[in-house]
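Below: the structure, in structure tokens.
The values are calculated or read from the model by the stated rules, or taken from the named source; none is laboratory data. For clarity, every value in this text was computed on a predicted model and none was experimentally measured. Note that each Cβ is placed from the backbone with ideal geometry, even for glycine, and that neighbours are counted across all protein chains shown. The protein model used for the area step is the full one, side chains on, heavy atoms only, and it has no ligands, DNA or RNA in it. Shrake-Rupley method; radii C 1.70, N 1.55, O 1.52, S 1.80 Å.
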Amino acid sequence: MEADVLIVGAGPAGISAALTAEKFGAKVILIDESFSPGGQLRQQTQYFSNLPTGYAPDIGLKVIETLIKHLYASSVQVYTNHTMIGAYKNGMIGVTDGNKTFPILARANILAPGAQEEAKIFPGWTLPGVMTAGAAQILINRESVLPGKRAVMIGTNNFAFTVAKQLHDCGVTIEAFIEEKSQITCSDGILRDELKHVPVWTESTVQIAQGTGQVERVSVHTPEGRKEIDVDLICISNGFTPILEPFVIMDCELTYKKHLGGWVPLYNEKLQTTNPSCFIAGNAAGITDLGPILLTGEIAAISALEEIGILNSEEAEIERRKRWLELEKLENTAVCQARKNLIASSRSRQSPLTKSK
Amino acid sequence: MEKSTIVCRCEEINIEEIELAIKNGARTFDDIKRLTRCGMGPCQAKICMNPVREIIATYTNTPLEDIPPPRLRMPAIPVRLGALANGVEDFKESSIASVFGESVEDGDEQNDESV
Amino acid sequence: MVMNKMTKVFDCIIIGSGVVGSSIAYHLSERKKYEILLIDKSYPLSGTSGSTQAWVWVHSKTPNWYGELSMYSAELYAYLEKKIGDFEYKRTGGIAPFYNEGDRDKALKLAEEQGKVGIKIDVLTRDEVLEKEPAVSPKIAGATFSKWDGNLNPFRLVELYIRAAKKNGVQCSFYNRVTSIKKVRGIFHVETEQGVFQGNNVILAGGPWSKELGKMLGVYIPVRQVRGQILITEPLKPFLKYTIGGVRQTDNGEVLIGYSKEEVGYDRRTTLDVMQQTARMAIDLVPALAKANIVRAFSGIRVIPEDGLPIFGEIPGIKGAYIAVMHSGITLSAIVGTLMTELLIDGETSLDISRYSLKRFSNLPNRKI
């Protein structure tokens, strides 16, 4: 298999990158490990309004439906059930479809593997019935399975409230939010309001989850003392962290940026990693919202096309700057600032964007 | 938190075992991994990566950003050996040696190399 | 922390805490005569000793006196385990398959040679191999077999060596790179990132890094670095009884696969090229493995002396300076630790080790430092 650009990961960032690259005339291969493109957006039933130009505000799964429709109408070659598992000596990405493993020869790669949820450990966290908020969301929105009847949500970030609201809408009783910090971290006032009947226990931590073969009870350490409630579902929303494996496999340097989700690949304003043939897009480049995710896909595609000579530098610079300006408007300030710091630190590297073995 | 709390669910390694490794001089996730098998199971530290880093940070009083992730290895996800063997028709060169072959070559190792 | 580093003179400073260095530290400390310091640039098991299939492999080591040394080490492991604890040593017996009937004569010759030193080798037919180990592919023509071969858990072995050594008073300084070694008025000054240590004797046990350590003493150590890549399966039900040339199953059911060789310096990356070649080798040897999931690949940098044979003993021309570097450190650590201890403390060894001296390379044409 050969292409101008290989894109790994067909979530919103990967699809956005693929459509952008195709629009500018590149031959594109897009692979994803799942049976369908769309990534995590496929189970997002919440409404997204903060989207780039050209996108109509809608609930997540409608946004992705439209993108997938465009994707299949384009010349992008989409391979689902294809997973990047490694790299060859010559730097080519190796992919498996479960029956065979083979290289895909591309002049540039865009890696958009997304993010994974952070675990949180406490006694009993390995019991069935304890799961990440994202796992609970997949169960209700994609599999139509109710993960429990009575739940607590650990964490009060936006995703915690989003999933709690969706669980609540499915008939799950949310008994409480459990928050280590002194106040709710969710910034969405409407969401908070919709769930104002749910008690929020701040400065609180789970002491232990108990049950026989399945979680039945949770004890929580709160400032008012120990609280114990019967639950059959404990959801953990402890934030997201970039998926790093593809970047490590491709010898991309990592750096630490708390506000981008922890360890994250180093990249410059072209979204080019320290391996010059690899570009980065989506949550892997820093945990952010859907609008910026879509824009990083476009920026990475433009830069990849510049790298292989399909776009000239001036065109690329103009297209890129347009999107960075839009991204700055859409992105949370702290995240955007961390991103700028990361890009600045890539500039100050001694031997920019070359890496010895 | 109770020291018996599991951190690595694949290999069932608890906080106490990790702290003991750190007490014995381990400083990185990989040091701990080799001593305890923490992170060596099917998920390859995808779940316990940050909980372990947090334990190291707390125990050694080191900022979290100074504790690198474990060495992430191929394959990025588990893959059947058969699927790994298929797909490349002919290897132009092979780096695979043979134990028997070496023993009968009178110590001439050069023949086993292909670089 | 190591105290009094500026003034104290250790009896022996060992550089490198892999399986060879930590074995020497342990065996020396058992005599309770020496004050010993064990230094490592990183943490034990971060190098070659932590990235190996960990065979204790005897029967095909040639010439036969090298096989003999390996056999003695295998013999010692059984006793060692009683002293320092369980490191999962199993003398499983070893099968080295061959694929061409034409190799049978070579196998018989090997059996004859090794037989002279007491290593009994059976040359098996295909059916005999399959009877012993039904999982092996009928594609093989036969195999050499010996009861002497086996394997162990290298993580446990090195950890237990160091634990026992520490209990005996050995001081350890990890995450501390040695930057230079000087001999001043008969005493070695080992300069490290954390200060200078003094020792009456110094032992270089740096494995693949031996060349650099040798340079510090002005000595050329003739070794090559050879990368090996290994695949690990998910835990499988026990189905391999023997250690097979290229494949073995651990106590927890994982199967370790690999026997690749590449000279790429210290580069410890794995590559899909070799992983795929290794996968094919494994299926050719044990077809049932095709269904097993590979969860991880890793690589290790072997150190291989230029003639393939171990180098250990005193460094010619520098009194008090010793070296111990060899390819099969896991196989040989027990015997090498024992012999080095005899050499340092008793001044003589129970086996003649002159064959293993660095001296044998003194006429190398391209000797360079």
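Just one residue in the set C:Lys32, C:Lys106, C:Lys41, C:Lys83 is in contact with a Lys or Arg (Cβ under 6 Å, 6 or more places away or on another chain), surrounded by fewer than 24 Cβ atoms within 10 Å (Cβ to Cβ) and basic (Lys, Arg); that residue is C:Lys41. Scanning region C:197-230 for residues that are at positive phi and assigned to a helix (DSSP H, G or I) gives a single hit, C:Gly207. Among the residues of region C:42-80 satisfying the criterion of being part of a helix (DSSP H, G or I) and either more than 15 Å from the chain's Cα centre (by Cα) or charged (D, E, K, R) (or both), which is farthest from the other protein chains (Cβ to nearest Cβ)? Of everything passing the filter in region C:42-80, C:Tyr79 is farthest from the other protein chains (Cβ to nearest Cβ). Considering region C:114-147 alone, what residues qualify as being touching a His at 6+ places or on another chain (Cβ under 6 Å) and either away from chain B (no Cβ under 13 Å) or of a type in the set (Gly, Ala, Ser) (or both)? The answer is C:Ser146, and nothing else.
The sole residue among A:Thr53, A:Thr66 that is more than 20 Å from the chain's Cα centre (by Cα) and open to solvent by 60 Å² or more (accessible area, probe 1.4 Å) is A:Thr53.
Scan region A:96-114 for residues that are within 12 Å of chain B (Cβ to nearest Cβ), in a strand (DSSP E or B) and under 23 Å from A:Leu295 (Cβ atoms) and the total you get is 1. A count restricted to region A:187-225 and to residues that are assigned to a loop (DSSP other than H, G, I, E, B) and closer than 13 Å to A:Met153 by Cα stands at 5.
Is it the case that some residue within region C:60-81 is among the hydrophobic types (A, V, I, L, M, F, W, C) and farther than 30 Å from C:Glu254 by Cα? Taking every residue of region C:60-81 in turn, at least one turns out to be among the hydrophobic types (A, V, I, L, M, F, W, C) and farther than 30 Å from C:Glu254 by Cα. Condition first: modelled with pLDDT under 80 and among the aromatic types (Phe, Trp, Tyr). Now tell me which residues in region B:76-102 satisfy that. Scanning region B:76-102 gives a single hit, B:Phe91. If you filter region C:163-172 down to residues that are facing chain B (nearest Cβ under 10 Å) and in contact with a Gly (Cβ under 9 Å, 6 or more places away or on another chain), you find that the one that is least open to solvent (accessible area, probe 1.4 Å) is C:Cys172. The residues in region C:326-336 that are outside any loop (DSSP other than H, G, I, E, B) and in contact with a Leu (Cβ under 8 Å, 6 or more places away or on another chain) can be counted, and the count is 5. The listed residues are A:Ile85, A:Ile110, A:Ile104, A:Ile29, and the only one of them that is under 30 Å from B:Ala85 (Cα atoms), open to solvent by less than 10 Å² (accessible area, probe 1.4 Å) and in contact with a Ser or Thr (Cβ under 7 Å, 6 or more places away or on another chain) turns out to be A:Ile85.
Among the residues that make up region C:341-349, is at least one of them under 17 Å from the mean Cα position of the chain (by Cα) and open to solvent by 10 Å² or more (accessible area, probe 1.4 Å)?
Within region C:341-349, none of the residues are under 17 Å from the mean Cα position of the chain (by Cα) and open to solvent by 10 Å² or more (accessible area, probe 1.4 Å).
Per-residue answers, yes or no, for (1) open to solvent by 10 Å² or more (accessible area, probe 1.4 Å); (2) away from every other protein chain (no Cβ under 11 Å); (3) touching a Leu at 6+ places or on another chain (Cβ under 8 Å):
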| residue | (1), (2), (3) |
| --- | --- |
| A:Val218 | no, yes, no |
| A:His221 | yes, no, no |
| A:Glu228 | yes, yes, no |
| A:Thr241 | no, no, no |
| A:Phe247 | no, no, yes |
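Checking the stated criteria, A:Ser219 turns out to be touching a residue at least 12 places away in the same chain (Cβ under 8 Å), outside the structural domain of A:Leu67 (by TED's automatic domain parsing) and of a type in the set (Ser, Thr, Tyr). The number of residues in region B:70-98 being under 15 Å from the mean Cα position of the chain (by Cα), open to solvent by less than 20 Å² (accessible area, probe 1.4 Å) and within 9 Å of another protein chain (Cβ to nearest Cβ) comes to 3. For region B:56-67, a tally of residues being open to solvent by 20 Å² or more (accessible area, probe 1.4 Å) and either small (Gly, Ala, Ser) or facing chain A (nearest Cβ under 10 Å) (or both) returns 4. Exactly one residue out of A:Ile178, A:Ile174, A:Ile93 is within 14 Å of chain B (Cβ to nearest Cβ), buried (at least 21 other Cβ atoms within 10 Å of the Cβ) and hydrophobic (A, V, I, L, M, F, W, C), and it is A:Ile93.
Restricting attention to region A:69-82, the residues being loosely packed, with under 15 Cβ neighbours inside 10 Å and part of a loop (DSSP other than H, G, I, E, B) number 2.
Would you pick out the residues in region B:1-42 that are of a type in the set (Gly, Ala, Ser) and open to solvent by 10 Å² or more (accessible area, probe 1.4 Å)? Hits for region B:1-42 are B:Ser4, B:Gly25. When C:Leu213 is tested against the conditions (1) crowded, with 20+ Cβ neighbours inside 10 Å; (2) closer than 16 Å to C:Ser49 by Cα, the lone failure is (2). Each residue in region A:23-66 was checked for being under 13 Å from A:Gly9 (Cβ atoms), in contact (Cβ under 8 Å) with a residue 60 or more places away in the chain and in a strand (DSSP E or B), and 2 of them qualify.
Is region C:243-266 home to any residue that is facing another protein chain (nearest Cβ under 7 Å) and either among the acidic types (Asp, Glu) or within 30 Å of C:Thr341 (Cβ to Cβ) (or both)? Scanning region C:243-266, I find at least one residue that is facing another protein chain (nearest Cβ under 7 Å) and either among the acidic types (Asp, Glu) or within 30 Å of C:Thr341 (Cβ to Cβ) (or both), so the answer is yes.
How many of the residues making up region A:309-339 are among the basic types (Lys, Arg) and within 19 Å of the chain's Cα centre (by Cα)?
1
Considering region B:103-115, the residues that are facing chain C (nearest Cβ under 7 Å) and open to solvent by less than 50 Å² (accessible area, probe 1.4 Å) include one that is modelled with the lowest pLDDT, namely B:Glu113. Counting the residues of region A:286-305 that are free of Cβ contacts under 8 Å to residues at least 60 places away in the same chain and either outside the structural domain of A:Ala17 (by TED's automatic domain parsing) or open to solvent by less than 10 Å² (accessible area, probe 1.4 Å) (or both) gives 4. If the condition is being touching a strand residue (DSSP E or B) at 6+ places or on another chain (Cβ under 6 Å) and not aliphatic (A, V, I, L, M), then region A:258-285 contributes A:Gly261, A:Gly262, A:Trp263, A:Pro265, A:Tyr267, A:Gln272, A:Thr273, A:Ser277, A:Cys278, A:Phe279, A:Asn283.
With respect to the stated conditions, C:Arg280 is open to solvent by 10 Å² or more (accessible area, probe 1.4 Å), in a helix (DSSP H, G or I), facing chain B (nearest Cβ under 8 Å) and not hydrophobic (A, V, I, L, M, F, W, C).
In the set A:Thr132, A:Thr156, A:Thr126, which member is crowded, with 21+ Cβ neighbours inside 10 Å, at pLDDT 95 or above and at the interface with chain B (Cβ under 10 Å from one of its Cβ atoms)?
A:Thr132
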